[in-house]
Amino acid sequence: MCSRLARAYVETMRTGDPAAATAVVDDAVRLKLSAAVIQSRVIAPAMRQIGELWERGGLTVAQEHLASAVSYHVLTRLYPGLLRQSIRQGDTVVVAAVHGEHHVLGLRMVADVLDGAGFDVRYLGPDVPESSLLAWVQKHEPAVVALGVTMPLGAATLARQLQTLRDRAPRIQLLIGGQGVPDVLRQGAGVLYAADTEQLAGYVDSSLSTPVPGELPHDIARGGVGFGRFSDLPSDAADGLEARMARTSAADAARGPVRRAFVLEQLAFRDPLTELWNRRAFDDRFQELTFPGALHPPAIVMIDVDHFKSINDGFGHEAGDRALVGVARGILSALRPGDFGARYGGDEFVVLLPDTRQAEAARIAERIRSEIATVMTDPPLTVSVGVSVPGHTDRRRASLDVDRALYAAKEHGRNQVVFA
């Protein structure tokens with residue numbers, strides 16, 4: 001499927017047809033491909049083929065530039081699908097291409113994935129001199145520096161910048177990607193390598209916040225095998241990265257209103273304490289999943305904290321808040337991609353499991369109960385869980401069913417799962 005879409009996208013690039021390119025991407029969205037998958041399996045392979053055509057003389061420079069411009073437009077359309085949470089304060093990521101690199105469509109994809117995951121992204125763009133990057137990093141102390149290189153000739157420059165950053169700012173996580181990354185740097189020694197944005201999307205909630213163990217390969221320090229000699233590129237400390245960051249392209253400007261709309265949606269539909277969705281969001285999501293004619297209504301899981309009042313009374317309301325946050329994390333850790341978790345109100349939570357039969361719903365519900373009982377030990381805390389797998393799309397009936405199941409779990413001793 002993705003290869004077919006990529007071939008179709010190449011044809012739209014060859015002809016420079018923005019409407020046709022948009023139609024291909026819209027088809028991919030209708031097929032429920034994620035934005036990161038569309039980036040890595042449709043757009044990126046197509047743009048590599050465009051580059052190869054240009055190198056062989058099959059496209060003019062103007063045609064290659066038009067193909068890139070169309071793709072930047074399409075990436076703007078995909079951006080809303082990447083947004084998952086509001087910006088997390090303190091998690092700053094600098095995204096840049098090494099000095100001499102000018103083809104950075106892939107770098108824009110990386111920035112969008114990280115931005116969508118809630119990182120505070122500072123996109124420096126192409127051709128960033130080492131001295132300027134180092135000065136900015138030392139001043140602002142970001143959590144991660146992401147460097148891209150597309151041409152093999154840029155490997156030596158990448159190596160030098162990595163070594164300098166490791167020497168001067170050893171606590172910063174280093175993330176690299178692009179076709180020009182040499183094999184010796186793809187093995188995970190001291191750096192995190194992402195082959196594409198799809199792989200990067202899998203890193204953002206775990207690996208990206210954990211420094212990669214090991215030291216950079218010794219070849220880096222002496223320009224050894226796989227790097228060639230370090231080129232003597234001019235320093236550009238006066239280039240002014242602050243000014244560069246202030247200059248936004250049309251594509252960057254288009255992302256601003258989308259991000260602001262997303263933040264407003266989060267304020268309206270997120271529970272501020274647990275950061276789960278709230279009851280309003282649950283009602284909307286349930287309505288989406290139970291449209292007229294839906295063949296398989298979602299399974300519903302209702303979770304209630306056992307003896308929550310005693311936690312507030314015995315340990316204080318701050319401990320109660322921490323307990324609710326811990327329960328929310330336990331719920332999220334047990335869910336699959338596409339599942340929906342919300343704080344229903346007070347100490348009650350609800351989960352929607354699309355296209356899920358009873359056996360799988362039972363496994364997920366038990367995983368939630370077990371995870372919370374295992375992790376929440378100070379103070380000890382358990383939950384009761386009710387589950388309903390309705391054969392209808394009547395939300396009131398489904399809610400009553402799962403409520404009865406939850407009540408039965410409470411009545412029969414708590415800390416257990418009961419089916420409607």
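The values are calculated or read from the model by the stated rules, or taken from the named source; none is laboratory data. Just so we're clear, the structure is a prediction, and the values are computed from it rather than from any experiment. Here the Cβ is made from the backbone with ideal geometry for all residues, glycine too, and neighbour counts use every protein chain on show.
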Return only the number of the condition from (1) modelled with pLDDT of 95 or more; (2) surrounded by 21 or more Cβ atoms within 10 Å (Cβ to Cβ); (3) under 18 Å from L273 (Cβ atoms); (4) more than 22 Å from the chain's Cα centre (by Cα) that V351 does not satisfy. (4)
Keeping to region 133-158, report how many residues are among the hydroxyl-bearing types (S, T, Y) and modelled with pLDDT under 85. 0
Identify, from the list L75, L185, L105, L124, the residue that is in the same structural domain as V42 (by TED's automatic domain parsing) and within 22 Å of L208 (Cβ to Cβ). L75
I'm trying to understand the selection: among the residues of region 382-420, which are acidic (D, E) and part of a helix (DSSP H, G or I)? D401, D403, E411
Scanning region 284-312 for residues that are modelled with pLDDT of 90 or more and either of a type in the set (F, W, Y) or surrounded by fewer than 18 Cβ atoms within 10 Å (Cβ to Cβ) (or both) gives H307, F308, K309, S310
Could you list, in sequence order, the residues of region 322-343 that are of a type outside the set (A, V, I, L, M, F, W, C) and farther than 16 Å from S388 by Cα? R322, G326, R329, G330, S333, R336, P337, G338, R343
If you scan region 330-355, which residues turn out to be touching a residue at least 60 places away in the same chain (Cβ under 8 Å) and in a loop (DSSP other than H, G, I, E, B)? P354
Which numbered condition trips up E371, out of (1) assigned to a helix (DSSP H, G or I); (2) more than 27 Å from the chain's Cα centre (by Cα)? (2)
In region 374-393, which residue that is surrounded by fewer than 17 Cβ atoms within 10 Å (Cβ to Cβ) and not hydroxyl-bearing (S, T, Y) is nearest to the chain's Cα centre (by Cα)? V375
Hey, could you check region 60-103 for residues that are under 19 Å from I43 (Cα atoms) and modelled with pLDDT under 85 and say which is nearest to the chain's Cα centre (by Cα)? H103
Scan region 317-348 for residues that are under 25 Å from the mean Cα position of the chain (by Cα) and of a type in the set (G, A, S) and report the count. 8
Condition first: surrounded by 21 or more Cβ atoms within 10 Å (Cβ to Cβ) and in contact with a Lys or Arg (Cβ under 6 Å, 6 or more places away or on another chain). Can you find one or more residues in region 394-416 that meet it? no
Given the conditions (1) modelled with pLDDT under 75; (2) under 19 Å from A97 (Cβ atoms); (3) surrounded by fewer than 16 Cβ atoms within 10 Å (Cβ to Cβ), which single one is not true for L241? (3)
Quick one: count up the residues across region 17-58 that are in a loop (DSSP other than H, G, I, E, B) and either crowded, with 17+ Cβ neighbours inside 10 Å or assigned by TED's automatic domain parsing to the domain that holds G178 (or both). 2
Would you confirm, using the coordinates I've provided, whether A169 is surrounded by fewer than 17 Cβ atoms within 10 Å (Cβ to Cβ) and either modelled with pLDDT of 85 or more or of a type in the set (K, R) (or both)? yes
Within region 59-107, residues assigned to a loop (DSSP other than H, G, I, E, B) and touching a Pro at 6+ places or on another chain (Cβ under 8 Å) come out as H99, E101, H102, H103, V104
So G51 passes all but one of these: (1) over 22 Å from the mean Cα position of the chain (by Cα); (2) more than 18 Å from V110 (Cβ to Cβ). Which condition number does it fail? (2)
Residue pairs meeting the criteria (Cβ under 9 Å; at least 6 apart or on separate chains; first within 19 Å of E288 (Cβ to Cβ), in region 386-414; second loosely packed, with under 15 Cβ neighbours inside 10 Å and among the acidic types (D, E)): R395/D283
Residue under question is L114, and the condition is that it be in a helix (DSSP H, G or I), surrounded by 16 or more Cβ atoms within 10 Å (Cβ to Cβ) and in contact (Cβ under 8 Å) with a residue 24 or more places away in the chain; does it hold? yes
